[in-house]
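Undergrad: Structure incoming, see below.
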Amino acid sequence: MTALKSAIEANLEGVRERIHASCLRAGRRTDEITLIAVSKTFPAESIRAAYEAGLREFGENRVQERESKSAALTDLGVTWHLIGHLQSNKARRAAQLFSRIDSVDGAALVSKLDSAAAEFGKRLPVLIEVNLGGEAAKSGVTPEQLDALADHIAPLAHLELRGLMSVPPFFEDPERVRPYFAKLRALRDNLAARRNIPLPALSMGMSHDFEVAIEEGATEIRVGSAIFGARARESCDRLL
Ligand SMILES: *Cc1c(COP(=O)(O)O)cnc(C)c1O
């Protein structure tokens, strides 16, 4: 086994133990939690090693980066999530390269995604990203804009709204993020009830705070550094 593969396997083991422990605390089953491996800034060989360790869901935050790694990974049966801000002019390429867009945050963007999905003959699942902390540098709709964007998506034949995603403000102490996770869950529950549609996906929690997210109802967690190691250069999203 290569050093890369054994390092990723050991990291993954640690992540799985943490998922297990938080599920025990929350009275949930571990199979209720989907682990999305966030592979941004890591090369295709890291993704392949994680795949061999059993992971099947991967997240990238930029269309171009996903594109640059795609040729080396075409043989892998992987679900790709776009988790970073998407500009409308890249919607077509994103609809082609990704299985789900988790960071939808505007009416113009959803229209473009719908046309692109139609062109590729697919029904594209999407999540709406909510900016819970009102942070100017982060993307996502405000809680007040959520309904209007859901209204835009509802009639589109080639998009399917599956739930909500958020990157709350960063706190050293994960307990301080708990109210934000609880808020996202309440927004999801209210939206689902008002529209009488299932919104099963609640994507929240990252390497340092996913236990709290699981306790607050996350159905998917997005984990990068705890699986792949520290990132050499931070992504644009985090630099901002
Ligand atoms: C980078 C990133 C993650 C993963 O962050 P880690 O702290 O490395 O686990 C999760 N979600 C989004 C949107 C990201 O950009």
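The values are calculated or read from the model by the stated rules, or taken from the named source; none is laboratory data. This is a predicted model, so every value here is computed, not measured. Here the Cβ is made from the backbone with ideal geometry for all residues, glycine too, and neighbour counts use every protein chain on show. In case anyone asks, the SASA skips ligands and DNA or RNA and just uses the protein heavy atoms, side chains included. Shrake-Rupley method; radii C 1.70, N 1.55, O 1.52, S 1.80 Å.
Undergrad: Could you work out what % of the accessible surface of the stretch 1-135 is carbon and sulfur, using a 1.4 angstrom probe and leaving DNA, RNA and ligands out of the count?
TA: Values: 2850 of 5960 Å².
Carbon plus sulfur share of accessible area: 48 percent.
Undergrad: Let a ≥ b ≥ c be the square roots of the eigenvalues of the Cα gyration tensor of the stretch 83-141; is it rounded (a/c under 1.5), or, if not, prolate (a/b larger than b/c) or oblate?
TA: Details: a/c = 2.39, a/b = 2.14, b/c = 1.12.
Because a/c hits 1.5 or more and a/b exceeds b/c, the stretch 83-141 counts as prolate.
Undergrad: What figure, in Å² to the nearest 10, do you get for the accessible area of Met204 with a 1.4 Å probe and non-protein molecules left out?
TA: 0
Undergrad: Alpha carbons only, please: Rg and Dmax for the stretch 170-211, in angstrom.
TA: Computed over the Cα atoms of the stretch 170-211, radius of gyration and Dmax are 12.1, 37 Å.
Undergrad: So how exposed is Lys5, as accessible area in Å² (1.4 Å probe, rounded to 10)?
TA: Its accessible surface works out to 50 Å², give or take rounding.
Undergrad: Further question: So for the stretch 62-102, what are the equivalent ellipsoid semi-axes in whole Å, largest first, each being the square root of 5 times an eigenvalue of the Cα gyration tensor? Show your work: numbers first, answer last.
TA: Details: eigenvalues 60, 23, 13 Å².
With the √(5λ) rule applied to the stretch 62-102, the semi-axes are 17, 11, 8 Å.
Undergrad: Out of all Cα-Cα pairs in the chain, roughly what percent, to the nearest whole number, are more than 31 Å apart? Don't skip to the end; give the middle numbers.
TA: On the way: 5368 of 28680 pairs.
Counting pairs separated by more than 31 Å, the tail of P(r) holds 19 percent.
Undergrad: May I ask you to rank Thr142, Thr219 by accessible area, largest first, using a 1.4 Å probe over the protein chains only? Don't jump to the answer; show the numbers that get you there.
TA: Details: Thr142 50, Thr219 30 Å².
Per-residue accessible area, sorted high to low, gives Thr142, Thr219.
Undergrad: Using amide H atoms built 1.01 Å from N in the peptide plane, name the residues 5+ places from Val38, or on other chains, whose amide H lies under 5 Å from its own.
TA: Long-range HN contacts for Val38: Gly59, Val223, Gly224.
Undergrad: Moving on to the next point. Give me the one-decimal Kirkwood hydrodynamic radius in Å for the stretch 111-240, with the sum taken over alpha-carbon pairs. All intermediate terms of the calculation are to be shown ahead of the outcome.
TA: Numbers: mean 1/r = 0.0635 Å⁻¹.
Evaluated on the stretch 111-240, it is 15.8 Å.
Undergrad: Semi-axes of the equivalent ellipsoid of the stretch 118-163: what are they in whole Å, largest first, if each equals the square root of 5 times a C-alpha gyration tensor eigenvalue? Please report the intermediate quantities before stating the final value.
TA: Details: eigenvalues 116, 27, 11 Å².
Three semi-axes, in Å: 24, 12, 7.
Undergrad: Alpha carbon centre of the stretch 58-104 versus the stretch 113-137: separation in Å?
TA: 12
Undergrad: Using the Cα centre of the chain as origin and beta-carbon charges of +1 (Lys, Arg) and -1 (Asp, Glu), tell me which of Gln145, Phe181, Gln64 is placed farthest towards the positive end of the dipole.
TA: Gln64
Undergrad: Of the residues Leu24, Leu164, Leu199, which exhibits the maximal mean-square fluctuation in a Gaussian network model of the chain defined by a 10 Å Cα contact cut-off?
TA: Leu24
Undergrad: Which order do His20, His158, His81 take when ranked by solvent-accessible area (1.4 Å probe, heavy atoms of all protein chains), largest first? Don't skip to the end; give the middle numbers.
TA: Details: His20 100, His158 60, His81 5 Å².
Sorted by accessible area, descending: His20, His158, His81.
Undergrad: Send over a whole-number figure in Å² for the accessible area per residue of the stretch 1-96, probe 1.4 Å. Please list the in-between numbers first.
TA: On the way: 4730 Å² over 96 residues.
Here the residues of the stretch 1-96 average 49 Å² of exposed surface.
Undergrad: If you build a Gaussian network model of the chain, linking Cα atoms that sit under 10 Å apart, which residue out of Asp75, Asp31, Asp114 swings the most?
TA: Comparing Asp75, Asp31, Asp114 in the GNM, the peak value goes to Asp75.
Undergrad: At q = 0.18, 0.19 Å⁻¹, what log₁₀ I(q)/I(0) does the stretch 64-176 have when each alpha carbon counts as one equal point scatterer in the Debye sum?
TA: -0.90, -0.98
Undergrad: Now, a different point. Can you list the lysines whose alpha carbon is less than 25 Å from that of Lys112, not counting same-chain residues fewer than 8 positions off?
TA: Lys40, Lys69, Lys90, Lys122, Lys138
Undergrad: Once you treat every alpha carbon in the stretch 1-132 as an equal point and sum by Debye, what is log10 I(q)/I(0) at q = 0.09, 0.13 Å⁻¹?
TA: Debye curve over Cα of the stretch 1-132, log10 I(q)/I(0) at q = 0.09, 0.13 Å⁻¹: -0.31, -0.62.
Undergrad: Sticking with this one: Work from the charge dipole of the chain (Cβ charges, +1 for Lys and Arg, -1 for Asp and Glu, about the Cα centre) and give the residue of Leu199, His158, Phe170 farthest towards its positive end.
TA: Of the candidates, His158 comes out farthest on the positive side.
Undergrad: Skipping prolines and chain starts, which residues have an amide H placed within reach, meaning under 5 Å, of the one on Asn131, given they are 5 or more residues away or on another chain?
TA: Placed amide hydrogens put Val141, Thr142 under 5 Å from Asn131.
Undergrad: Taking the chain as a Gaussian network, where each spring joins two C-alpha atoms under 10 Å apart, which residue of Ala226, Ala95, Ala201 fluctuates the most?
TA: Result: Ala226 has the largest fluctuation of those listed.
Undergrad: Can you compute the helix-only [θ] at 222 nm over the chain? Use -39500 (n - 2.57) per DSSP H run of at least 4 residues, normalise by all residues, nearest 500 deg cm²/dmol. Could you put the intermediate results ahead of the total?
TA: On the way: 10 runs with 101 residues, N = 240.
Taking each H run of at least 4 residues, the total per residue is -12500 deg cm²/dmol.
Undergrad: From the phi angles alone, apply the Karplus equation (6.51, -1.76, 1.60; θ = phi - 60°) to the stretch 64-78 and give each ³J(HN,Hα) in whole Hz, x where the residue is Gly or Pro.
TA: Each residue of the stretch 64-78 in turn: 5, 5, 4, 4, 5, 9, 5, 4, 7, 10, 4, 7, 8, x, 10 Hz.
Undergrad: Now, a different point. Along each of its three principal axes, how wide is the spread of alpha-carbon positions in the stretch 1-68, in whole angstrom units, largest first?
TA: 41, 30, 15
Undergrad: Using the alpha carbons of the stretch 148-188, what is the convex hull volume per residue in cubic angstrom, as a whole number? Walk me through the numbers on the way to the answer.
TA: Working: hull volume 3.2 nm³, N = 41.
Cα convex hull per residue, to the nearest whole number: 77 Å³.
Undergrad: Mean separation of Cα pairs under 8 Å and 6+ residues apart, divided by the residue count of the chain: what relative contact order is that in percent?
TA: Numbers: 431 pairs, mean separation 49.3, N = 240.
Relative contact order for the chain comes out at 21 percent.
Undergrad: List, in order, the whole-Hz ³J(HN,Hα) value for each residue of the stretch 93-109 obtained from phi through the Karplus relation with A = 6.51, B = -1.76, C = 1.60 and θ = phi - 60°; use x for Gly and Pro.
TA: The phi angles translate into 5, 5, 5, 7, 8, 10, 7, 8, 9, 9, 10, 6, 8, x, 5, 5, 5 Hz.
Undergrad: Please state the charge dipole magnitude for the chain, taken about the Cα centre, from unit charges on C-beta atoms (+1 on K and R, -1 on D and E), reported in debye and rounded to the nearest 20. Write down the numbers at each step before the final one.
TA: Working: 32 positive and 33 negative charges, 79 e Å.
My answer is approximately 380 debye.
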